[in-house]
Structure formats: structure tokens, C-alpha cells
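Values quoted throughout were computed directly from the atomic coordinates according to the rules given, and no laboratory measurement underlies them. Bear in mind the structure is a predicted one, so any value in this text is a computation, not a measurement. Using ideal geometry, Cβ is built from the backbone for each residue, glycine included, and neighbour counts are taken over all protein chains shown.
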Amino acid sequence: MSSSTAITNIAALVTNDPSLRDGDPLGLVRDAAVVIDGDRVVWTGETRKAPATDNRVDAGGRAVLPGFVDSHSHLVFAGDRTEEFNARMSGRPYSAGGIRTTVAATRAATDAELEATLVRHLREALRQGTTTLETKSGYGLTVDDEARALRIAAHHTDEVTYLGAHIVAPEYADDPAGYVALVTGEMLDACAPHAGWIDVFCERGAFDGDQARAVLTAGRERGLRPRVHANQLTHGPGVQLAVELDAASADHCTHLTDADVDALAHGDTVATLLPGAEFSTRAPWPDARRLLDAGATVALSTDCNPGSSFTSSVPFCVALAVRDMGMTPDEAVWSATAGGAAALRRDDVGRLVPGAYADLVLLDAPSHVHLAYRPGVPLVTGVWRRGVRVV
Ligand code: NIG
Ligand code: FE
């Protein structure tokens with residue numbers, strides 16, 4: 001039988017329930033409490049009105065928010081790209097070619113090594129407040145290596161994405177059409193049972209618009225839902241394609257035309273911004289303000305991977321988004337919680353409302369604003385996942 005717990009004496013509770021305070025998207029409640037029963041939230045409101053429960057936890061006048069929803073990571077990998085990072089910091093540009101280094105290391109790794117690395121980074125993310133995390137294949141690029149990456153990922157998260165179309169596998173360098181045929185044929189057959197999503201890196205040097213369309217539509221026919229690596233390094237067709245195919249998310253969105261912004265503002269595709277990648281590649285920041293002002297839904301995620309963004313920290317991304325991408329602290333916190341949930345088309349995470357999963361973060365700070373106000377400080381002091389305190 002489940003038991004109920006009230007977390008009380010919360011100075012500022014972010015619920016992401018706009019009905020609580022005149023449409024305020026953050027649904028902020030002061031002097032608040034949250035009641036958890038089993039794995040769900042059953043009540044939120046002011047502490048003085050909280051119902052009787054079996055247990056009580058005193059938040060000590062600190063802030064509570066929904067667990068972060070990191071809707072974009074690449075955590076099934078092996079090897080290290082410190083040298084490539086060092087070279088970039090001495091002025092070399094980022095290129096998708098570095099992915100090949102990780103592909104070679106990943107193919108050479110055992111299942112146990114891949115799983116251990118994944119688990120280490122999942123724990124690292126959890127300690128920083130991430131309670132829902134999407135992760136992808138994309139460093140195997142053979143039928144067997146892609147399928148095993150997804151099998152390993154599916155043991156540890158519900159949000160698994162098939163990214164056989166990350167780059168053209170080295171063996172197919174002279175036959176990209178042959179590689180697309182593999183990704184949409186035999187590889188898809190092997191991978192579809194282990195994934196819920198299909199993704200493609202639509203970029204110069206990876207896959208063009210026609211190839212990306214072929215990949216996503218083949219995946220959709222097998223029941224995989226589309227998401228797209230779009231407009232990261234250059235302007236290109238990725239965002240338009242994502243919106244046209246009603247992809248849940250167009251990720252990166254660093255180089256956007258007015259027509260791209262307009263498409264995102266009018267479609268149901270979330271613009272997922274990944275500032276860790278711009279930080280680690282010294283690229284221009286995506287313009288979150290432009291997207292928000294146009295009416296697009298924005299998510300913030302880490303893109304955690306050994307090449308372009310080796311951070312698992314959503315709080316770091318929140319701070320970058322506020323400092324450099326024109327977001328207010330409220331907007332950035334919403335995007336890292338409810339926004340990430342929208343990018344995964346979920347309403348059971350990213351919000352603290354009755355019926356949602358009891359995934360919560362307790363900050364050692366009186367307000368969620370401190371995530372940006374105190375960058376680089378480990379403020380996450382408590383994490384509940386599915387009603388269980390794990391940090
Ligand atoms: O999202 N853009 C493509 N894929 C990754 C980078 C992968 C890598 O460099 O290993 C990204 O940034
Ligand atoms: Fe990525």
C-alpha cells in the first residue's frame with residue numbers, strides 16, 4: 001500500500017500549472033506544500049491548507065520545482081574527445097566529422113562498458129535534478145551496433161530514439177544512398193522494437209532534406225515518432241521538414257530564417273535549444289527571444305554527448321539561456337521542465353499537478369531564479385523520482 005508524504009514550508013513552488021495564478025505559466029505558489037501519494041502528486045497549494053498525510057518533510061523555506069526533463073542526449077557511447085575540444089578552444093571549428101571518432105570507440109566497446117558509461121551519466125544527471133531523460137543511438141551505425149545501443153538505453157529510460165541517420169557510416173562514404181537504404185530497411189527492422197522515436201541529423205555533411213524525409217517517413221511507418229536535429233551548423237531544410245511532418249521537436253535551431261521561426265510558431269513542433277553545444281563549440285547562441293516573441297514553444301536540454309556538448313547539467317543550460325539567449329529565469333525554468341515534456345509530447349512529467357508523476361527538485365535556495373542567479377553552484381539538494389527520494 002502506498003503512503004502519503006507532504007513536503008511543506010516551500011518558499012516558492014513551481015507547478016507549471018497556469019490555472020493557479022491568472023495564467024502565469026510557472027504557476028508559482030508561495031509558502032507552499034506538495035502532497036505525494038505513491039508515485040504521483042495528489043495535491044499542491046499553500047502549506048496551511050495542506051491535507052493530513054502519513055509523513056511530512058520540511059523544505060525549510062527553500063524552492064521546489066518539477067524534475068528537469070532533458071529531452072535530448074546521446075549517452076550510449078565510448079571514448080573521449082578531449083583533444084578535439086582542446087583543438088577547438090585553440091581556434092579549430094567544430095564539424096560533424098568528429099562523430100566518427102566516437103563511432104570507432106563505441107563499436108569497439110563491450111555491452112557492459114557502454115551500459116556502465118550510460119548509467120554513470122544518468123546518475124550524474126539525476127544528481128543535478130534530471131528525472132526524465134531521452135537518449136539516442138547514433139554512434140554504432142551498423143545494424144547490430146545501433147540495435148544494441150537502443151537495447152541498452154531501453155533498460156534505463158522510456159525515451160529512446162533511433163538515430164541511425166546521425167552521419168553516413170564510414171563504410172558507406174561513397175554510397176550515401178546505400179546507407180539511407182540500410183537505415184530505412186534492415187537497420188530500422190532491428191531497431192524499431194527498442195525505440196519510440198526516430199531522429200535524423202539534417203545538415204550539410206550529414207543528411208540532406210530528401211534523405212531526412214525518407215528516414216523519418218520510413219520510421220513513422222514503423223510506429224516511430226519523428227524528431228529532428230535541425231539547423232545546427234547552417235541554415236537548411238531541417239526545421240521546415242520537422243514542422244511539415246509534425247515532429248515533436250526540432251533540436252538545435254541555431255540558424256533560423258524568418259520563415260523557420262514562423263513555421264515553429266504556427267506548428268506543434270517544439271524548438272529545443274541546446275546551449276551546451278554552442279558553449280562547447282564556440283558557436284553563435286540560438287535566439288530564444290526571437291522564438292518566444294513569435295509564439296513558439298521552447299525547450300531547453302543538454303545534448304549531452306562526448307563531442308559537441310559534454311555536460312549533463314540542465315541548471316548550467318538554464319544559466320546560459322538566461323545570460324546569452326534572451327530568456328528570463330522564469331522562461332528558462334519552464335523550458336527545462338514543461339518545455340522538455342512538450343518536446344516528448346508528455347503531460348505526466350514537467351509539471352507538479354495532481355495526477356502527474358512525483359518528480360521533484362528541492363533547491364538549496366529560496367527561489368528557482370537562483371538557478372541563473374548563482375550559475376555553476378550545485379543548488380540541487382533533493383530529488384524525488386516517482387515519489388521516491390533519490391538524492
Ligand atoms: O547534437 N549534431 C549532431 N550530433 C551531436 C554531436 C555529436 C558529436 O559531435 O559526437 C549534436 O550536437
Ligand atoms: Fe544532439
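Rounded to the nearest 0.05, what FRET efficiency is calculated for residue 234 and residue 186 with R0 set to 30 Å and r the Cβ-Cβ distance? E between residue 234 and residue 186, to the nearest 0.05, is 0.45. Report the one residue of 250, 271, 219 whose Cα lies farthest in the direction of the positive end of the charge dipole of the stretch 206-296 (charges on C-beta: Lys and Arg +1, Asp and Glu -1; origin at the Cα centre). Checking the options against the dipole of the stretch 206-296, the answer is 219.
A simple charge model with +1 on the Cβ of Lys and Arg, -1 on the Cβ of Asp and Glu and nothing else charged puts the dipole of the stretch 176-237 at about 200 debye relative to its Cα centre. Only Lys, Arg, Asp and Glu carry charge here, each on its Cβ (+1 for the first two, -1 for the last two); on that basis the stretch 303-351 has a dipole of about 80 debye about its Cα centre.
Projecting the Cα atoms of 285, 356, 5 onto the charge dipole of the chain (Cβ charges, centred on the Cα centre) puts 5 farthest toward the positive pole. Charge dipole (Cα centre; +1 on Lys/Arg Cβ, -1 on Asp/Glu Cβ; no other charges) of the stretch 159-208 amounts to roughly 100 debye. Between the listed residues 106, 42, 207, the Cα displaced farthest toward the positive end of the dipole of the chain, a dipole computed from Cβ unit charges relative to the Cα centre, is found at 42. Using the alpha-carbon atoms, what tilt in degrees (0 to 90, nearest 10) does helix 209-221 show relative to the longest principal axis of the chain? The angle comes out near 60 degrees. Exposure proxy shown here: for 49, 136, the number of other Cβ atoms within 10 Å sets the order, fewest to most, as 49, 136. Remark on residue 62: its backbone amide H falls under 5 Å from those of 11, a criterion applied only to residues 5 or more positions apart or on other chains, H modelled at 1.01 Å from N.
With the gyration tensor restricted to C-alpha atoms of the stretch 140-275, the semi-axes of the equivalent ellipsoid amount to 24, 17, 12 Å, longest first. Karplus-based coupling profile of the stretch 137-147, in residue order and whole Hz: 7, x, 10, x, 6, 10, 4, 5, 6, 5, 5, with θ = phi - 60° in 6.51 cos²θ - 1.76 cosθ + 1.60 and x standing for Gly or Pro. The orientation-averaged shadow of the Cα convex hull for the stretch 1-131, equal to a quarter of the hull surface, comes to 12.7 nm². Based on DSSP H segments of at least four residues, each scored -39500 (n - 2.57), the chain has a per-residue ellipticity at 222 nm of -9000 deg cm²/dmol.
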